[in-house]
Amino acid sequence: MTSHKARIGGKELSYQACAGTLPVQNDAGETEADIFYVSYRVQQPSPAKPRPLLFVFNGGPGAASVWLHLGALGPRRVQMLADGNMPQPPFHLVDNASSWLDVADLVFVDPVGTGYSRAVKPDLTKKFFAAQADIDSLGRFIRLYLTRNGRWDAPVFLVGESYGTFRSAGLAEYLAEHGVALNGLILVSSVLNMQTISFDYGNELPYQLFLPSYTATAWYHHKLAPEMQADLDRTLAQAEQWAATEYLWALNKGDRLTAAERKEIAEKLARFTGLSVNLVQNRNLRVDNRDFAKELLRGEGRIVGLMDSRFNAENPEPGKHLAFDATIATIRPPFTSAVNAYLREELGYQSDLEYFVLGGGIGRWDWEAKNSYADTGENLRNAMVKNPYLKVLVASGLFDLATPHFATDYTLSHLGLGGDLRQNISVKRYRSGHMMYLEEDSLVRLKMDAAEFIGTTLKR
């Protein structure tokens, strides 16, 4: 444990940081894995009210919590360029004036196979690479953390990004069944229903749900008609309306479209995406996200990012499938360098293991969905029904081609909640990407929205 000071929200805070592991034990009390975490706690004068406690996860599956940790919530963050792009190496950490530590204590958790978290025996490793096993192991971690740190009286929130939102929704019901009633969930770049983002044969849903994000991306890169470039909000509203009506009708009609209808839809789809009419016709009016990322800037020899389509990179093999995500290429080196230096030099945690930042420690993932799509939307609904005090904040980036905002809207509107419980969900949109906090203005706004959400939730 180490002691530090930080200036956050205009005030100086003294806090303690702890980097360590907790065991994952089965029902027989046998340790099957060790989960690595980093926690931050602000000391309170006695007998002050317990501070809110946030458990934070990233996604993947296969991503460590370093992204939210050193990108948004923690007291230190990776220094990126103002627009979120990678600076020239070597990379550096700076104080994070937009840390959430002034609002709540923080616990950044690396699921088994990410960060320094490992199964104790190689033959146990595969057990944790499954949707429900992942939720179970993290639920056991949370309960043990509350016990060992005497925090059972604290207001508890979960913060998840990407697949971390999937596991957070599952955890909400799991924890409720084990006596932990959450105060809130903060879902960053959410995906609860995998059908909404899976471009599979016969699944038409993603094509209409990704369309508005294609429009936003084309707007950013100045690929739309002049009248559509004038106002992003207005253009986006038009794209969402068309995607949910005429485009959906055309997708559903399929091969029954007449030649005239097909031509009309192709022209409108090209108009909303910045792609050519010939290309969308050749794709049978169905363009997946990787195809779009490869084709939008083909004329300049560039590809756009999937996680943040504002980023772009040279395409060395334009005749092949998309070889890499320009976003990951931008963020992996600085975050990998920073977390390895930070844990050792500032927090004093020593390990010769590789810190798995994104992939490398996760094998084939078992979605445990036979003849269906994995979905924890039902878990979220059940958790909210069982605990009507549970509030949910959803944050989406307009330039996210991995978990698009319109797909999130679709999922939230199909949870099957009554009117009163629907009011417990609030949605915020940002002119940024999947990791909206990479860009400084969105970093500040995300903190403001989260602080307001936590404060409002606890006042009720």
If Leu81 satisfies all but one of (1) among the aliphatic types (A, V, I, L, M); (2) surrounded by 17 or more Cβ atoms within 10 Å (Cβ to Cβ); (3) in a loop (DSSP other than H, G, I, E, B), what's the number of the condition it fails? (2)
Looking at segment 1-16, which of its residues are touching a residue at least 24 places away in the same chain (Cβ under 8 Å), assigned to a strand (DSSP E or B) and open to solvent by 50 Å² or more (accessible area, probe 1.4 Å)? Arg7, Lys11, Ser14, Gln16
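Phe199: part of a helix (DSSP H, G or I) and either hydrophobic (A, V, I, L, M, F, W, C) or crowded, with 24+ Cβ neighbours inside 10 Å (or both), yes or no?
no
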Of the candidates Leu54, Leu138, Leu106, the one satisfying the condition of being part of a helix (DSSP H, G or I) and either among the aliphatic types (A, V, I, L, M) or in contact (Cβ under 8 Å) with a residue 24 or more places away in the chain (or both) is Leu138
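Yes or no: segment 235-255 includes at least one residue that is surrounded by fewer than 12 Cβ atoms within 10 Å (Cβ to Cβ), of a type in the set (Gly, Ala, Ser) and part of a helix (DSSP H, G or I). Show your work before the answer.
At the first step, the residues of segment 235-255 found to be surrounded by fewer than 12 Cβ atoms within 10 Å (Cβ to Cβ) are 245, 252, 254-255.
Within this subset, residues satisfying the condition of being of a type in the set (Gly, Ala, Ser) are 254.
The next check asks that each one be part of a helix (DSSP H, G or I); those that pass are 254.
Yes, some residue in segment 235-255 is surrounded by fewer than 12 Cβ atoms within 10 Å (Cβ to Cβ), of a type in the set (Gly, Ala, Ser) and part of a helix (DSSP H, G or I).
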Of these, Glu267, Glu173, Glu227, which one is in a helix (DSSP H, G or I), open to solvent by less than 50 Å² (accessible area, probe 1.4 Å) and either under 29 Å from Gly305 (Cβ atoms) or touching a residue at least 40 places away in the same chain (Cβ under 8 Å) (or both)? Glu173
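Would segment 276-285 turn up any residue that is crowded, with 17+ Cβ neighbours inside 10 Å, over 19 Å from Gly202 (Cα atoms), over 30 Å from the mean Cα position of the chain (by Cα) and modelled with pLDDT of 95 or more?
As a first pass, look at segment 276-285 and keep what is crowded, with 17+ Cβ neighbours inside 10 Å: 279-280, 283, 285.
Narrowing further to those that are over 19 Å from Gly202 (Cα atoms): 279.
This time we only want the ones that are over 30 Å from the mean Cα position of the chain (by Cα), so: 279.
Then keep just the ones that are modelled with pLDDT of 95 or more; that gives 279.
Scanning segment 276-285 turns up at least one residue that is crowded, with 17+ Cβ neighbours inside 10 Å, over 19 Å from Gly202 (Cα atoms), over 30 Å from the mean Cα position of the chain (by Cα) and modelled with pLDDT of 95 or more.
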On the basis of being in a helix (DSSP H, G or I) and either among the hydrophobic types (A, V, I, L, M, F, W, C) or out of contact with any strand residue (DSSP E or B) (no Cβ under 8 Å at 6 or more places or on another chain) (or both), does Phe399 make the cut? no
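Does segment 7-14 include one or more residues that are within 22 Å of Tyr163 (Cβ to Cβ), out of contact with any Asp or Glu (no Cβ under 6 Å at 6 or more places or on another chain) and not hydroxyl-bearing (Ser, Thr, Tyr)?
To start, the set of residues in segment 7-14 that are within 22 Å of Tyr163 (Cβ to Cβ) comprises none.
Within segment 7-14, not a single residue is within 22 Å of Tyr163 (Cβ to Cβ), out of contact with any Asp or Glu (no Cβ under 6 Å at 6 or more places or on another chain) and not hydroxyl-bearing (Ser, Thr, Tyr).
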Of all residues in segment 90-138, which are open to solvent by 10 Å² or more (accessible area, probe 1.4 Å), polar (S, T, N, Q) and in contact with a Ser or Thr (Cβ under 8 Å, 6 or more places away or on another chain)? none
Specify which of the listed residues (Leu353, Leu343) is at pLDDT below 95, in contact with a Phe, Trp or Tyr (Cβ under 8 Å, 6 or more places away or on another chain) and over 19 Å from Gly59 (Cα atoms). Leu353
Could you tell me how many of the residues in segment 289-346 are small (Gly, Ala, Ser), open to solvent by 10 Å² or more (accessible area, probe 1.4 Å) and closer than 26 Å to Phe108 by Cβ? 3
Exactly one of (1) under 20 Å from Met194 (Cβ atoms); (2) at pLDDT below 95 is unmet by Asp441. Its number? (1)
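Only one of Leu211, Leu187 is assigned to a helix (DSSP H, G or I) and either touching a strand residue (DSSP E or B) at 6+ places or on another chain (Cβ under 8 Å) or open to solvent by less than 60 Å² (accessible area, probe 1.4 Å) (or both); which? Lay out the reasoning, then the answer.
Working: Leu187 fails: assigned to a helix (DSSP H, G or I).
After ruling out the rest, the residue left standing is Leu211.
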Matching residues in segment 60-78 - criterion: being out of contact with any Asp or Glu (no Cβ under 8 Å at 6 or more places or on another chain), part of a loop (DSSP other than H, G, I, E, B) and open to solvent by less than 40 Å² (accessible area, probe 1.4 Å): Gly62, Gly74
State all residues of segment 136-173 that are within 19 Å of the chain's Cα centre (by Cα) and of a type in the set (Asp, Glu); if no residue qualifies, say none. Glu161
Of the criteria (1) under 19 Å from Pro212 (Cα atoms); (2) of a type in the set (Ser, Thr, Tyr); (3) open to solvent by 10 Å² or more (accessible area, probe 1.4 Å), which one Tyr430 fails: (3)
Filter segment 368-416 for residues that are over 18 Å from Ala172 (Cα atoms) and of a type in the set (Phe, Trp, Tyr); the one that is least open to solvent (accessible area, probe 1.4 Å) is Phe399
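The values are calculated or read from the model by the stated rules, or taken from the named source; none is laboratory data. Computed from a prediction, not measured in an experiment: that's the story for all the values here. Note that we place each Cβ from the backbone using ideal geometry, even for glycine, and neighbour counts take in every protein chain shown. Just so you know, the surface numbers come from the protein's heavy atoms only, side chains and all, with ligands and any DNA or RNA stripped out. Shrake-Rupley method; radii C 1.70, N 1.55, O 1.52, S 1.80 Å.
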